[in-house]
């Protein structure tokens, strides 16, 4: 199975679970049960994010760092830092 397929599986599972969380919330189910499902969604999204980051670092980022163009290298570094900051919020 490719990384892309694994990422898509995580996104699809997260979407399905999020739909379940919405329904559980509408039905006013027990808060702890809703929170557990919500944490499962978050876990799937974090896992997908990590796979995307690894793929990016091993392909796009690696290629940019091998280039001679310093502007492209700095742009790639800035993009990684921006995404890292966003993921830590």
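Side notes on the structure shown:
- Approximating the spin labels as points 7 Å out from Cα along Cα→Cβ, the residue 81-to-residue 30 distance works out to 4.8 nm.
- Angle in degrees between helix 70-87 and the longest Cα principal axis of the chain, rounded to the nearest 10: 20
- Relative contact order of the chain: 30 percent, from C-alpha pairs under 8 Å at least 6 residues apart in sequence.
- Applying 0.36 nm per residue to the separation of residue 42 and residue 56 and subtracting their alpha-carbon distance, the gain on full extension is 3.0 nm.
- Cα-based values for segment 45-85, radius of gyration first and Dmax second, are 10.9, 35 Å.
- Among 86, 17, the ranking by other beta carbons within 10 Å of each residue's beta carbon, starting with the fewest, stands as 86, 17.
- q = 0.17, 0.21 Å⁻¹, the chain: log10 I(q)/I(0) [Debye, one scatterer per Cα]: -0.80, -0.99
- In degrees, nearest ten, helix 31-56 long axis to first principal axis of the chain (Cα): 20
- Rounded to 10°, Cα long-axis angle of helix 3-26 versus longest principal axis of the chain: 30
The numbers here are math on the coordinates, done by the rules we state, and not lab data. Just so it is clear, the structure is predicted and the values come from calculations on it, not from any experiment. Note: ideal-geometry Cβ built from the backbone for every residue, glycine included; neighbour counts use all protein chains shown.
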